[in-house]
1. Among (1) part of a helix (DSSP H, G or I); (2) polar (S, T, N, Q); (3) farther than 23 Å from L167 by Cβ, there is one condition Q208 misses while meeting the rest; what is its number?
2. Check D76, D49 and return the single one that is on the phi < 0 side of the Ramachandran plot, at pLDDT 70 or above, out of contact with any strand residue (DSSP E or B) (no Cβ under 7 Å at 6 or more places or on another chain) and surrounded by fewer than 17 Cβ atoms within 10 Å (Cβ to Cβ).
3. How many residues, within region 168-199, are crowded, with 22+ Cβ neighbours inside 10 Å and either of a type in the set (A, V, I, L, M) or outside the structural domain of H231 (by TED's automatic domain parsing) (or both)?
4. Checking the conditions here, which among A259, A303, A288 is at pLDDT 95 or above, surrounded by fewer than 20 Cβ atoms within 10 Å (Cβ to Cβ) and part of a helix (DSSP H, G or I)?
5. Quick check on this structure: which one of R244, R202 is closer than 30 Å to M73 by Cα, among the charged types (D, E, K, R) and assigned by TED's automatic domain parsing to the domain that holds K69?
6. For region 262-285, which positions are in a loop (DSSP other than H, G, I, E, B) and either touching a helix residue (DSSP H, G or I) at 6+ places or on another chain (Cβ under 7 Å) or in contact (Cβ under 8 Å) with a residue 12 or more places away in the chain (or both)?
7. For region 262-284, state whether one or more residues are within 30 Å of the chain's Cα centre (by Cα), surrounded by 17 or more Cβ atoms within 10 Å (Cβ to Cβ) and of a type in the set (A, V, I, L, M, F, W, C).
8. Please state which of the following conditions S253 fails to meet, knowing it meets all the rest: (1) under 20 Å from T290 (Cβ atoms); (2) in the same structural domain as A288 (by TED's automatic domain parsing).
Amino acid sequence: MADGGGAPLTGYGLRLCPRRRDIFEQMKGKVLGTIDGLPPLREVIRAHDLVARKQLGQNFLLDLNLTAKIARMAGDLSACDVLEVGPGPGGLTRGLLAEGARHVLAVEKDPRCMPALEEIARAFPGRLSVINGDALEVDVLAHLTPPIRIIANLPYNVGTELLIRWLSPPTWPPFWESLTLMFQKEVAERIVARPGSDHYGRLALLAQWRSEPKIVMHLPPEAFTPAPKVHSAVVHLKRLETPRFPADPAVLSRVTAMAFNQRRKMLRSSLKGLGGDVEALLTGLGIAPTARAEEIGLEAFCALARAIASR
């Protein structure tokens, strides 16, 4: 009859006589807000005038069945605290709480969303904290207790930057045990890409060095309001307690940056800036100097970083 996000029954071409319309209006909130008894998200957006802003990378996911499904992709949340970044009007927030998250910290930069999120907090006493601010500036451990999972429909314009920050803390393992994040489909494919593919690059190496990433869900543009021009995908990244292969993070970052910034060049050319006899170094590690960055796997890049660090 209706999706969990509040698509009205009349939108499906139903015609209601006046008497039945009165009954429909009385029941509408109950029919559409079944996930938690709160109003449908479309009503929340109208009530608070939450027009999505392009400059904030906002695309709201209104189907509460989908938001609950995304929450389930992160596993059993009953014994976990959750950090959510960019909750907007709270669709995923409601999914997380309905799926049993122990406690949710929702960090939102857009102050217009605060009243809607505070309504959710009142409906789930003691289980939702809301902060109006930048997630990168919040002391997560001051608000949440491990184990902690990060689950978010990230704004498209900052999603990759946030992922890189979470994968590059000063010490490892980080405060989180898993990430369940929505990205543009192309970014998601870059995260899980393998050597030899067009999507393979630094993002794949960083993600796969310290976690086990997997695409767990695809979403079409029509799932969002407003509909973006691209498809989306949810990626689940389970952290590794130690990186897959030993390497100095700074050296590995430098080597991969040089290699992939000129990915069409042979490694003997793209890595000249390392100094010394690069060709001999590569040959000694069993890496063909004529190979290109996209042909080299994570283990070989880590071996190259170790060799450079030891020189």
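1. (3)
2. D76
3. 5
4. On inspection, the qualifying residue turns out to be A303.
5. R202
6. Of everything in region 262-285, those that are in a loop (DSSP other than H, G, I, E, B) and either touching a helix residue (DSSP H, G or I) at 6+ places or on another chain (Cβ under 7 Å) or in contact (Cβ under 8 Å) with a residue 12 or more places away in the chain (or both) turn out to be Q262, R263, R264, K265, L271, G276, L285.
7. No, region 262-284 has no match at all.
8. Failed condition: (1).
The values are calculated or read from the model by the stated rules, or taken from the named source; none is laboratory data. In this text the structure is predicted, and so the values were computed from the model without any measurement. Using ideal geometry, Cβ is built from the backbone for each residue, glycine included, and neighbour counts are taken over all protein chains shown.
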